[in-house]
1. Could you work out the relative contact order of segment 166-247? I mean the mean sequence separation of Cα pairs under 8 Å and 6+ apart, divided by the number of residues, in percent.
2. Assuming R0 = 51 Å, what is the FRET efficiency of residue 261 and residue 135, from their Cβ-Cβ distance, to the nearest 0.05?
3. Starting from one equal scatterer on each C-alpha and no solvent at all, send me the Debye-based log10 I(q)/I(0) for segment 1-136 at q = 0.15, 0.16, 0.17 Å⁻¹, two decimals.
4. Out of the total accessible area of segment 128-263 (probe 1.4 Å, heavy atoms of protein only), what percent is carbon and sulfur?
5. P(r) for the chain, please, calculated from all Cα pair distances in 5 Å bins and given in %.
6. Rounded to the nearest 0.05, what FRET efficiency is calculated for residue 100 and residue 230 with R0 set to 41 Å and r the Cβ-Cβ distance?
7. Say we join alpha carbon atoms closer than 10 Å with springs in a Gaussian network model of the chain; which of 235, 46, 205 then has the biggest fluctuation?
8. Could you let me know the centre-to-centre spacing of segment 138-167 and segment 185-255, using Cα atoms, in angstrom?
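The values are calculated or read from the model by the stated rules, or taken from the named source; none is laboratory data. Fair warning: this is a prediction, and the values are worked out from it, not measured in the lab. No Cβ is skipped: glycine too gets one built from the backbone with ideal geometry, and neighbour counts run over all protein chains shown. Accessible surface areas use protein heavy atoms only, side chains included; no ligands, DNA or RNA. Shrake-Rupley method; radii C 1.70, N 1.55, O 1.52, S 1.80 Å.
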Amino acid sequence: MLLKNKVAVIYGAGGAIGGSVARAFAREGGTLFLTGRLRAPVEAVAKEVVSAGGSAEAAEVDALDEQAVDTHLQSVIGKAGRVDVSFNAVGIPDAKILGVPLVELDVEQFSLPIATYTRSYFLTARLAARRMAANKSGVIMRVTTLHSRTGLPLVGGYGPAMAAMEALTRDLSAELAPQGIRVVDLRPQAMPETATIREAFVPRARASGMTWEQWQEMLASRNHARRLMTLEEMANVAVFVASDKASGMTGTTVNLTMGSLDD
């Protein structure tokens with residue numbers, strides 16, 4: 001029970017990554033406050049956690065709305081007394097981001113992922129840190145992707161957005177670590193259970209004629225294991241990073257690309 005007595009807020013909990021992390025946190029004893037822009041999918045994850053014997057509460061929170069995030073965190077403090085973990089798995093649809101060459105991309109399309117991802121991460125991290133500082137402890141986490149470090153075609157501003165969040169993680173850690181607050185990214189690559197990979201597949205399929213199976217095989221061929229990571233594997237690492245067992249880890253990105261990117 002690595003997260004026993006830990007209070008975790010998960011943003012984007014209705015998505016594949018956020019939901020998987022919520023289930024893993026619950027299995028390890030965490031008390032969960034799950035949020036998302038749409039209540040129904042978050043509620044479904046919360047009900048699943050509770051039916052399995054865990055503790056979870058769902059709320060509709062737009063992670064781009066500072067007042068909404070702040071109000072929700074205040075309610076968490078009122079109910080649980082503290083916030084130990086803030087996990088941001090917020091994503092945006094990629095249909096209007098992917099598949100267009102940079103020279104043909106308008107500035108609004110290019111800027112959309114950069115502004116959205118960095119704003120959400122900054123708001124949730126900053127507001128959580130203000131609560132965590134009172135206890136001199138806490139963990140702030142965010143999911144990024146391989147795009148932060150590797151040049152890839154037809155991804156618009158997605159790569160710069162991921163790189164910006166990893167830079168923000170380092171800067172947040174530099175300021176918050178002296179207060180006992182750790183800040184860590186997880187950088188998985190190509191988990192086929194997520195909508196993101198399927199959205200990325202569509203423009204490539206149009207351009208190359210690859211099938212879904214061929215697309216996965218191509219992605220797997222780029223890493224050491226010759227297979228793609230599962231959501232469960234990613235979530236298990238998230239549990240460790242959120243736990244006191246990882247107390248020496250901050251200001252860094254955990255490379256979960258299975259060798260696609262060699263650090």
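1. Working: 49 pairs, mean separation 22.1, N = 82.
Relative contact order comes out at 27 percent.
2. It comes to 0.90.
3. Each listed q corresponds, in turn, to -0.71, -0.78, -0.86.
4. Numbers: 3200 of 6130 Å².
Accessible surface attributable to carbon and sulfur in segment 128-263 totals 52 percent.
5. Calculated P(r), rounded to whole percents: 1, 6, 13, 18, 20, 17, 12, 8, 4, 1, 0, 0.
6. Numbers: r = 30 Å, r/R0 = 0.73.
Efficiency, rounded to the nearest 0.05: 0.85.
7. 205
8. Answer, in whole Å: 13.
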